[in-house]
Amino acid sequence: DILGCVDINRQITGTEKGFAAKGTQFLSTDLVCLWGGANNLFFSLRTMATKNEELYKTEAKETAQEMGTNINSLISLGAKIIVVMNLPNVGKTPSDLNDPEGASLDSLFSLTFNEELALQVAKIKAENADVKIIDIDVYAIFDDILANPSSYGFDDVTSESIAIYQANEDSYAT
């Protein structure tokens with residue numbers, strides 16, 4: 001787990017609460033959506049003292065390979081229709097606008113992850129002709145939103161709307 005986030009693999013195959021542990025079997029008509037990878041960037045890489053391109057590329061590839069494993073796990077649980085979404089260009093998010101080095105590394109992570117995820121999905125499609133995998137190119141959609149915000153109902157695509165805070169149990173009223 002990354003700072004309290006339950007990773008996708010544990011959600012699918014976890015020994016106590018995962019789909020497999022509960023005996024879940026998907027129907028052939030169930031639509032299963034899988035979107036992951038960004039938490040590895042937000043809660044793992046961004047918190048490291050040493051940051052470099054090789055580290056980001058390695059983590060991105062490994063994360064995408066884990067997504068391939070997760071797709072195969074869903075297939076083993078009977079999923080026949082799976083939507084897989086890639087990552088947006090995280091380096092273009094408002095949190096990176098004032099951090100050129102961070103933006104460059106985050107963009108590199110997104111691109112590397114998406115390239116490896118595409119390879120994983122292509123391989124899985126070739127090995128599972130009876131499974132329909134629908135690719136959603138969030139990267140392209142996000143770029144279009146940034147280029148044409150008003151077309152999507154946005155006025156501001158450069159300001160952060162929320163900040164992410166680590167939960168602190170001492171900050172809650174009792």
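The values are calculated or read from the model by the stated rules, or taken from the named source; none is laboratory data. These numbers were taken from a predicted model, which means no experiment stands behind them. All Cβ positions, even for glycine, are placed from backbone atoms using ideal geometry, and neighbour counts span all protein chains on display. Side chains are part of the model used for accessible areas, which takes the heavy atoms of the whole protein and leaves out ligands, DNA and RNA. Shrake-Rupley method; radii C 1.70, N 1.55, O 1.52, S 1.80 Å.
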Every residue in the stretch 133-160 that is touching a residue at least 40 places away in the same chain (Cβ under 8 Å) and farther than 21 Å from Ala118 by Cβ, please. Leu146, Val157, Thr158, Ser159, Glu160
When you look at Leu97, is it without any contact (Cβ under 8 Å) to a residue 60 or more places away in the chain and of a type outside the set (Ser, Thr, Tyr), yes or no? no
Return the residue satisfying two criteria in turn: it lies in the stretch 21-39 and is in contact (Cβ under 8 Å) with a residue 40 or more places away in the chain and open to solvent by less than 70 Å² (accessible area, probe 1.4 Å), and of such residues it is nearest to Asn70 (Cα to Cα). Leu34
Somewhere in the stretch 122-130, is a residue among the basic types (Lys, Arg), under 15 Å from Ala38 (Cα atoms) and surrounded by 14 or more Cβ atoms within 10 Å (Cβ to Cβ)? no
Somewhere in the stretch 98-105, is a residue of a type in the set (Asp, Glu) and open to solvent by less than 60 Å² (accessible area, probe 1.4 Å)? no
Inside the stretch 119-136, the number of residues satisfying the requirement of being touching a strand residue (DSSP E or B) at 6+ places or on another chain (Cβ under 8 Å) and in a loop (DSSP other than H, G, I, E, B) is 1
Filter the stretch 22-42 down to the residues that are outside any loop (DSSP other than H, G, I, E, B) and more than 12 Å from Thr63 (Cβ to Cβ), then identify the one that is modelled with the highest pLDDT. Leu31
